[in-house]
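This report refers to the structure that appears directly beneath it.
The values are calculated or read from the model by the stated rules, or taken from the named source; none is laboratory data. Quick caveat: nothing in here was measured; it's all calculated off a predicted structure. All Cβ positions, glycine included, derive from the backbone under ideal geometry; neighbour counts span all protein chains shown.
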Amino acid sequence: MRRKSQILFLMGILFAVSLSAQQRPYYTQYILNNYIINPAVAGIENYWDVKASHRMQWVGLQDAPVTTYLTIQGPLHKNDYERETATSFHADGQNPRGEAYWRDYTAPESHQGVGFTILNDRTGPLNRFAAYGTYAYHMALSPRTTLSGGISAGFTNMSLDASKLNFGAVSVDPAVAGSGLINKIKPDISAGLWLYSRDYFLGLAAQQIIPEQLNFSNNVVGLQQGKLLPHMFLSAGYRMQLSDDISFLPSLLLRYISPLPAGFDVNAKFQYQDLIWAGASYRYQDGYAAIIGLNINNNINIGYSYDFQTSALNTVSRGTHEILIGFLLGNKFGDWCPRNLW
């Protein structure tokens, strides 16, 4: 009995430590869907943007994280604040997003946006399911600059499948090992600000704003108590027109979860006209990634990324695969790519 208590105590320590680390999933292609990080992005375009993503992290490692999400966001009321542009016609031999287009860029009129997110993130016996809605307001600051603020509210269901816990050869009370699925539902609130213009964006977001105590003791599995912590994200990017056909977008994402050291991603995205893009990413003390994507038409786009770990995980992992599919609903002006997020 004493040995079982020691094992459960050690498991509890490990579990509590994991709850104090990065608790939100990583996304390699967040630059293609900044809404998954920052709720202030909701409604940024004049159409409904639907994104579905599936991420298989550290392929080859048993019980590695698998993350799937669906996001839907768009303007609350469809207004003709965006005029018909060259992107509507997509003339052969011309770049509808060339230098002439950007010279005429004007900020959208002030408007409201809404969104909805469903996310499932599984790592071994631990699973996180979240669902939340978003409201955002976009306010024009100048003819070319807009500031938006947004808030998301919903719930997170944390579940532990105790039947998948491995106690090794040690004899354990069946009431512990076979206690089944234990669920804990917690509120989930995020907020953010997003400043954007013709050539740059700057965003600040806080996810899981309200710290929440979390345990799965339930008088069944004696795990130590952990805590769901706030996550801070700072995003920045600057678009450069290298030629009339090619644009370049360097960007940065800074993550901070107290009391851990800050982490960051550095990204570079090259886009040819409004058709195809390719890029690379570096995640501090983790690895590198390659990204490629295609706008199939003015309603469907697809992206794929592959991550290579430089940490000790590369000895047991065959990398990370992430696929992202997007649908543009109500795209009245026929744009092949976003106007305000590139």
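Could you grab me the full set of residues in the stretch 21-65 that are part of a strand (DSSP E or B) and either buried (at least 22 other Cβ atoms within 10 Å of the Cβ) or among the aromatic types (F, W, Y) (or both)? Those that are part of a strand (DSSP E or B) and either buried (at least 22 other Cβ atoms within 10 Å of the Cβ) or among the aromatic types (F, W, Y) (or both): W48, D49, S53, R55. May I ask you to verify whether D335 is buried (at least 21 other Cβ atoms within 10 Å of the Cβ) and modelled with pLDDT under 85? Considered against the rule, which asks whether it is buried (at least 21 other Cβ atoms within 10 Å of the Cβ) and modelled with pLDDT under 85, D335 comes out as yes. All conditions but one from (1) assigned to a strand (DSSP E or B); (2) surrounded by fewer than 20 Cβ atoms within 10 Å (Cβ to Cβ); (3) among the aliphatic types (A, V, I, L, M) apply to L260; the one that does not is (1).
Among all residues of the stretch 300-322, there is none that is assigned to a loop (DSSP other than H, G, I, E, B), of a type in the set (D, E, K, R), in contact with an Asp or Glu (Cβ under 8 Å, 6 or more places away or on another chain) and in contact (Cβ under 8 Å) with a residue 40 or more places away in the chain. Would you confirm whether any residue within the stretch 8-18 is modelled with pLDDT under 95, surrounded by fewer than 21 Cβ atoms within 10 Å (Cβ to Cβ) and in a loop (DSSP other than H, G, I, E, B)? Taking every residue of the stretch 8-18 in turn, none turns out to be modelled with pLDDT under 95, surrounded by fewer than 21 Cβ atoms within 10 Å (Cβ to Cβ) and in a loop (DSSP other than H, G, I, E, B).
Checked against the criteria, A136 does not count as surrounded by fewer than 18 Cβ atoms within 10 Å (Cβ to Cβ), out of contact with any His (no Cβ under 9 Å at 6 or more places or on another chain) and assigned to a strand (DSSP E or B). Applying the criterion of being in contact (Cβ under 8 Å) with a residue 40 or more places away in the chain and assigned to a strand (DSSP E or B) to the residues of the stretch 280-299, the residue that is farthest from the chain's Cα centre (by Cα) is N295. For the stretch 84-114, what are the residues that are surrounded by 13 or more Cβ atoms within 10 Å (Cβ to Cβ) and at pLDDT below 85? Within the stretch 84-114, T85, A86, T87, S88, H90, Q94, N95, P96, R97, G98, Y101, W102 meet the criteria.
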